[in-house]
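Notes to accompany the following structure.
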Amino acid sequence: MSSSVAGAPDLSGLIELSRDPALDLKPVILRVQTDLFLTAPVHDRAILQAFESLAAGLIPTVDEDTLRVVAEKLDGCPDVPEGVRAALATRGFPLAPPRERETEAETDRAIAENPGALIGTRVLERLLARARTDTDLARTLLGRPDIPPADLAPLWLFAESEQRRAITEAVEATAALRPCPPAPRALATSLVEHSHSRDIQAFVTALGNGLGLPPNYLSAAVDPAARYDLLTLALRAADLREGEAVFVFLTLNDNVARSVDRVFALVTLFRETSRATARDLLCAILGVPVMERTGGEHQPLHGPEAKRPAAAASERGGFRTLLPTRLRRTS
């Protein structure tokens with residue numbers, strides 16, 4: 001049972017009384033439930049479903065005076081369930097549209113910044129969707145100890161190194177349970193060629209098309225410094241070998257190639273993130289199912305398992321000599 005439901009007042013006595021044919025407590029119950037709904041700190045899924053189930057059932061049966069009071073109280077609340085809105089409208093008491101997005105954004109920020117607010121699934125999904133493009137909100141959510149690392153996966157790009165590691169480990173625990181068929185080797189070959197020619201636009205397009213990513217996928221990294229981290233996850237999801245990834249780090253962008261520390265960090269990220277984990281992190285960060293091309297058609301990365309060709313294993317290490325001596329580290 002969710003904490004929001006567990007902490008609600010016990011109305012079993014009123015419900016029992018409502019079954020007495022000599023009494024009509026339906027208006028009282030509807031008003032009480034409306035007040036409880038409006039004063040709840042968070043409208044999570046459990047509260048929304050409970051209120052919709054009860055209110056939508058009572059609204060057709062109560063008097064107009066009660067409906068007028070209930071409608072006035074609910075008017076302007078953005079979280080009124082559609083079933084309740086429809087029931088009130090049918091009785092001639094339509095509610096005004098939900099508040100404007102700016103007001104909702106302020107409400108969301110207030111919830112995120114309130115350490116005592118219990119954030120339910122529905123609200124968290126809304127907060128995470130907004131936080132993908134709102135650095136301050138993202139950092140506020142990352143600072144809440146009550147949100148599990150796995151739920152914070154959409155904000156991986158905003159997290160510091162230790163928190164990134166915790167999120168990655170949480171995602172890895174479930175990512176390995178889903179099939180992760182290999183990407184076509186032609187994709188890796190194409191990426192290496194574009195990197196060698198320093199054609200960044202062609203590289204980004206080929207990688208995005210190869211995985212079925214949205215055209216503007218790199219814009220998910222609000223901080224330009226994090227774009228190569230996102231790119232590294234995509235390279236891992238695209239099934240590049242480590243040597244091929246290093247080649248990209250050393251040739252695609254001079255600013256990255258000139259920084260030994262930056263290349264080390266990217267190589268470490270690539271090496272320590274499994275392909276399935278990189279795939280699922282991309283899914284979370286972009287908020288879409290990641291796709292890859294297989295056999296000329298788009299297929300989800302979560303699609304049926306495919307056996308890796310035997311030749312692929314023998315080709316491992318073909319690019320490993322590209323890793324300069326000064327960049328080599330013992331695992």
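Points worth noting:
- Long-range tail of P(r) for segment 48-89 (Cα pairs > 17 Å, %): 19 percent
- Virtual spin-label span in nm between Ala86 and Ser197, 7 Å along Cα→Cβ: 5.5 nm
- Per residue, segment 170-245 exposes 41 Å² of accessible surface when a 1.4 Å probe is rolled over the protein heavy atoms with every protein chain present.
- Label positions at Ala150 and Thr39, each projected 7 Å from the Cα along the C-beta direction, are separated by 3.5 nm.
- Probe 1.4 Å, accessible area per residue of segment 81-159, Å²: 51 Å²
- Relative contact order (%) - segment 140-220, alpha-carbon pairs under 8 angstrom, separation at least six: 17 percent
- Couplings for segment 122-135, taken from phi via the Karplus curve 6.51 cos²θ - 1.76 cosθ + 1.60 with θ = phi - 60°, read 5, 5, 4, 4, 5, 5, 5, 4, 6, 5, 4, 10, 10, 4 Hz in order; Gly and Pro are left as x.
- Accessible-area ranking of Arg198, Arg91, largest first, probe 1.4 Å: Arg198, Arg91
- Among 131-141, 104-114, sorting by the average number of other beta carbon atoms lying within 10 angstrom of each residue, highest first, gives 131-141, 104-114.
- Surface share of carbon and sulfur [accessible, 1.4 angstrom probe, percent] for segment 93-220: 54 percent
- Couplings 3J(HN,Hα) for segment 264-281, derived from phi with the Karplus relation 6.51 cos²θ - 1.76 cosθ + 1.60 (θ = phi - 60°), are 4, 4, 5, 4, 5, 4, 4, 5, 8, 10, 5, 5, 5, 5, 4, 4, 6, 5 Hz, where x marks Gly and Pro.
- Taking θ as phi - 60° and the Karplus parameters 6.51, -1.76 and 1.60, the scalar couplings of segment 153-162 work out to 3, x, 9, 3, 5, 8, 7, 6, 4, 5 Hz in sequence order, x denoting glycine and proline.
- Sites Thr189 and Arg271, calculated FRET efficiency, Cβ-Cβ separation with R0 22 Å, nearest 0.05: 0.55
The values are calculated or read from the model by the stated rules, or taken from the named source; none is laboratory data. Note that the structure is a prediction, hence the values are computed from the model and not measured. When we count neighbours, we look across all protein chains shown, and the Cβ atoms used for this are built from the backbone with ideal geometry, even at glycine. We work out accessible area using only protein heavy atoms, side chains counted, and drop any ligands, DNA or RNA first. Shrake-Rupley method; radii C 1.70, N 1.55, O 1.52, S 1.80 Å.
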